[in-house]
Amino acid sequence: MRTVGVGLRPWRPADAPALAAAWADPDIAQWTAVPEDRSVEAAARWIAGWDERRRRGLLGEVGVAFVTDPPAMGWWVVPAARGRGVATAAVRRFVAEFLPVDEVVVEVDEANPASIAVARAAGFESVPPGWTVLRYHRPRP
């Protein structure tokens with residue numbers, strides 16, 4: 001597999017149209033939580049709240065929600081970036097460089113084979129009985 005270079009950075013105000021378009025994408029809306037208001041204005045408000053979300057552990061659209069134990073991770077990529085290894089590279093980089101805990105889980109619908117493949121390639125392992133919950137443990141040095 002070809003290695004994909006992925007840069008992770010905070011959202012910028014100028015990214016609001018791209019974020020609104022991503023929220024409107026049917027695949028992203030099907031597999032992730034997107035707001036009801038998917039307008040550019042709503043995206044701009046969401047981006048303006050970046051600092052607060054960053055304090056909670058979210059980086060870009062690979063993020064961690066610390067409302068469960070272990071925390072839950074999620075990701076998405078826009079349609080033009082799918083199938084090129086971008087999500088896998090971003091998740092791998094996030095867990096290697098930015099994950100503030102040693103363990104996270106991700107819930108992936110079994111009807112979403114692309115996200116299952118990303119999770120597996122990034123080092124997540126299934127939690128029995130199937131692929132709906134995957135767990136990542138940071139390797140010990």
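The values are calculated or read from the model by the stated rules, or taken from the named source; none is laboratory data. Note that the coordinates shown come from a computational prediction; the quantities given were computed from them, not determined experimentally. FYI the Cβ positions are ideal-geometry reconstructions off the backbone, even for glycines, and counts take in every protein chain you see. Keep in mind that these areas ignore ligands, DNA and RNA; they rest on the heavy atoms of the full protein, side chains included. Shrake-Rupley method; radii C 1.70, N 1.55, O 1.52, S 1.80 Å.
Scanning region 65-73 for residues that are surrounded by 15 or more Cβ atoms within 10 Å (Cβ to Cβ) and of a type in the set (S, T, N, Q) turns up nothing.
Within region 1-41, if we keep just the residues that are part of a loop (DSSP other than H, G, I, E, B) and farther than 25 Å from Ala96 by Cα, the residue that is modelled with the lowest pLDDT turns out to be Val34.
Answer yes or no as to whether Gly57 is out of contact with any Ser or Thr (no Cβ under 6 Å at 6 or more places or on another chain) and either at pLDDT 85 or above or surrounded by 19 or more Cβ atoms within 10 Å (Cβ to Cβ) (or both). No, not satisfied. For region 63-83, state whether one or more residues are part of a helix (DSSP H, G or I), without any contact (Cβ under 8 Å) to a residue 40 or more places away in the chain and on the phi < 0 side of the Ramachandran plot. Yes, that holds for at least one residue. When residues of region 13-47 are filtered for being open to solvent by less than 90 Å² (accessible area, probe 1.4 Å), more than 20 Å from Ala114 (Cβ to Cβ) and not hydrophobic (A, V, I, L, M, F, W, C), how many remain? The qualifying residues number 5. Evaluating Gly83 against the criteria (1) open to solvent by less than 60 Å² (accessible area, probe 1.4 Å); (2) at pLDDT 80 or above leaves one unmet condition, (1).
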